[in-house]
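Since the structure comes first, as structure tokens, the remarks are kept for the end.
Nothing in this text is a laboratory measurement; each read-out follows from the coordinates by a stated rule. Worth saying up front: this structure is predicted, and the values here are computed from it rather than measured. Using ideal geometry, Cβ is built from the backbone for each residue, glycine included, and neighbour counts are taken over all protein chains shown.
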Amino acid sequence: MNAKAPIDFYFDFSSPYGYLGSEMIEALARRHDRSVDWHPMLLGVVFRQTGALPLTQVPVKGPYAIRDFARSARFHGIPYRMPDVFPIAAQVPSRMMLWAKQRDPAQGVRAAQALYRAFFVDGHDISQPDVAAAAVGAAGFDAAAARAAIDEPAIKDALKAEVDRAIAAGVFGSPFFVVDGEPFWGVDRFDQIERWLAEGAF
């Protein structure tokens, strides 16, 4: 019998909903004997193509979004606090995560979760290389190697490839999941993803 395809998980490190998704997707996948392939991407690049803005910068919608970030975290039982510096450019943590992922996919997940928690729980500005390196260092990685990796041309190229992949897949927000070719946007689609994994297309 063929192995089930992994769930593709696209996320931006500056996305509160992406953070919530990062705390939930692995457990959901395990319930259905699936793995997850984590893909950091840059919403800023996508927004230039779609004409969108960060939610907090959208008139009228922004204050609601800030309220909903915190309420959604409470609903799902996930630690969260709105960072003082927001939004941030996600190149540094994205490159650092890809550096870890190239060593081993499971290490990439661990690095991503450490970086997300450093930002959305501890309030550390992970767009700063030394801050991001300290976050992965605290998670057991070689902080100096992680810090050096973000300037490596191969790692920069890897992130560009991930962004290109996301755009080609039709990704326009974070979190964004692709399950057997079917796209799902947002943590509020987890019930649909669960049913799709359990029963197939509907």
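Which of 22, 35 comes first, and how do the rest follow, when ranked by fewest Cβ neighbours within 10 Å?
Details: 22 26, 35 14.
Arranged by neighbour count, lowest to highest, 22, 35 become 35, 22.
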If unit charges are put on Cβ atoms (+1 for Lys and Arg, -1 for Asp and Glu) and the dipole of the chain is taken about its Cα centre, the option from 62, 42, 90 lying farthest towards the positive end turns out to be 62
Residue separation times 0.36 nm, minus the C-alpha to C-alpha distance between residue 189 and residue 161: what's the value?
7.5 nm
Each residue of the stretch 55-70 in order: what ³J(HN,Hα) in whole Hz does its phi give by Karplus 6.51 cos²θ - 1.76 cosθ + 1.60, θ = phi - 60°, with x for Gly and Pro?
3, 5, 9, 8, x, 6, 6, x, x, 5, 4, 4, 5, 6, 3, 5
Distance (nanometres) between label positions extended 7 Å along Cα→Cβ at residue 122 and residue 56:
1.9 nm
Applied in sequence order to the stretch 142-158, the curve 6.51 cos²θ - 1.76 cosθ + 1.60 (Karplus, θ = phi - 60°) yields integer Hz couplings, x standing for Gly and Pro, of 6, 4, 5, 5, 5, 4, 5, 5, 5, 9, 6, x, 5, 6, 4, 5, 5
The answer for residue 7, listing residues at least 5 apart or on another chain whose modeled amide H is closer than 5 Å to its amide H, is 35, 36, 37
Skipping prolines and chain starts, which residues have an amide H placed within reach, meaning under 5 Å, of the one on residue 179, given they are 5 or more residues away or on another chain?
184
Shape descriptor, the stretch 80-202: equivalent ellipsoid semi-axes (Cα gyration tensor, sqrt 5λ, whole Å, largest first) stand at 28, 17, 14
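Where nothing but the Cβ of Lys and Arg (+1) and of Asp and Glu (-1) is charged, how large is the charge dipole of the stretch 7-199 around its Cα centre, in debye to the nearest 20?
On the way: 20 positive and 24 negative charges, 71 e Å.
With Lys and Arg at +1 and Asp and Glu at -1, about 340 debye.
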Rg and Dmax of the stretch 4-158, using alpha carbons, in Å: what are they?
15.3, 43
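Suppose R0 equals 22 Å. What FRET efficiency, 1/(1 + (r/R0)^6) with r the Cβ-Cβ distance, do residue 3 and residue 202 give to the nearest 0.05? Present the calculation step by step, with values, prior to reporting the outcome.
Numbers: r = 23 Å, r/R0 = 1.04.
For R0 = 22 Å, the calculated efficiency reads 0.45.
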